[in-house]
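Undergrad: So that we are looking at the same thing, I have put the structure below in structure tokens.
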Amino acid sequence: MRRSVAIHHDGRQEGVQVSLTPLGARAVYGMPAADLAHRLVPLDELLGALGVELVDRLRAATTWAARFAALDELLLRAVGRGVGGDPVSRVRPEVAEAWRRLLAARGRVPVGRVAAELGWSRRYLTERFRGEVGLSPKTFARVLRFEHAHELATMHDPLPWAEVATASGYADQAISSGTGASSRADRRQHGVAAKSCSGLGSRRPAAHHVGFRSLFFKTTL
């Protein structure tokens, strides 16, 4: 789903939104995040009766402490269903490690080096990573660098643009000044992300892939 949705309410609304990394979504939903890319999926279709129970208990709870306790319990149950299950349904440890390394380096690590350290070819890592996450590792690294640059540029006391570019892995002047192919690619990537998470209009709880680093499910109370 990529269109915007208008949400109408009486001026006050309470709800619960849980954001999951692609690896966390795999643990909870039991499927690759890539399978949910650009989709709005009813939560009960992913979690079955557990999803229905989760929403019912969240809406019945009268305190936030009780809601968070219900979330902890039911999400742990969802993860527990996959423990000891079919190994094919789990994320490959090499893909999980590649994700962690790219995240730790904020995208400033060559994908080829990560692949070599894991004992895979770059092409094979790219195929497996995209199949799990929905993005190639190169694209994911680009997003991480962009996010780091954005954080540095929007601090209370922001760094000069040249220092932002250096710290976030943008080496050439064309990129650091906001022009050039990589910068255009970043704008395209984040423009899609902004469109894809512009709103959820259905009262039916759903899981939604927001494009790059996380998925979320959301329900109103």
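The values are calculated or read from the model by the stated rules, or taken from the named source; none is laboratory data. Note that the structure is predicted; figures quoted are calculated from it, not measured. Cβ atoms come from the backbone with ideal geometry, glycine included; neighbour counts cover every protein chain shown. For the accessible areas, the whole protein counts, side chains as well, though only heavy atoms, and no ligand, DNA or RNA atoms are used. Shrake-Rupley method; radii C 1.70, N 1.55, O 1.52, S 1.80 Å.
Undergrad: Test of understanding: among Ala98, Ala149, Ala116, which residue is free of Cβ contacts under 8 Å to residues at least 12 places away in the same chain, outside any loop (DSSP other than H, G, I, E, B) and not charged (D, E, K, R)? Before you say what the answer is, go through the steps one by one.
TA: On the way: Ala98 fails: free of Cβ contacts under 8 Å to residues at least 12 places away in the same chain; Ala149 fails: free of Cβ contacts under 8 Å to residues at least 12 places away in the same chain.
After ruling out the rest, the residue left standing is Ala116.
Undergrad: Considering only segment 97-107, I want to know if a residue exists there that is on the phi > 0 side of the Ramachandran plot, open to solvent by 70 Å² or more (accessible area, probe 1.4 Å) and at pLDDT 90 or above. Steps first, answer last, please.
TA: Step one: of segment 97-107, the residues on the phi > 0 side of the Ramachandran plot are 106-107.
Within this subset, residues satisfying the condition of being open to solvent by 70 Å² or more (accessible area, probe 1.4 Å) are 106.
Then keep just the ones that are at pLDDT 90 or above; that gives 106.
Yes, there is a match, as at least one residue in segment 97-107 is on the phi > 0 side of the Ramachandran plot, open to solvent by 70 Å² or more (accessible area, probe 1.4 Å) and at pLDDT 90 or above.
Undergrad: So which residues in segment 52-72 are open to solvent by less than 80 Å² (accessible area, probe 1.4 Å) and under 25 Å from Pro32 (Cβ atoms), if there are any at all?
TA: Answer for segment 52-72, where residues must be open to solvent by less than 80 Å² (accessible area, probe 1.4 Å) and under 25 Å from Pro32 (Cβ atoms): Val52, Glu53, Leu54, Val55, Leu71.
Undergrad: Listed residues Arg77, Arg123; which is at pLDDT 95 or above, open to solvent by 30 Å² or more (accessible area, probe 1.4 Å) and in contact with a helix residue (DSSP H, G or I) (Cβ under 9 Å, 6 or more places away or on another chain)? Steps first, please.
TA: Values: Arg77 fails: at pLDDT 95 or above.
Among Arg77, Arg123, only Arg123 is at pLDDT 95 or above, open to solvent by 30 Å² or more (accessible area, probe 1.4 Å) and in contact with a helix residue (DSSP H, G or I) (Cβ under 9 Å, 6 or more places away or on another chain).
Undergrad: Consider Leu40 against the criteria (1) touching a residue at least 24 places away in the same chain (Cβ under 8 Å); (2) under 17 Å from Ala27 (Cβ atoms): it satisfies all of them except one. Which criterion is unmet?
TA: (2)
Undergrad: Right, next: Report, by residue number, each residue of segment 152-172 that is open to solvent by 90 Å² or more (accessible area, probe 1.4 Å) and assigned to a loop (DSSP other than H, G, I, E, B).
TA: First, pick out the residues of segment 152-172 that are open to solvent by 90 Å² or more (accessible area, probe 1.4 Å): 156-157, 161, 163, 166, 171.
Selection gives His156, Asp157, Ala171.
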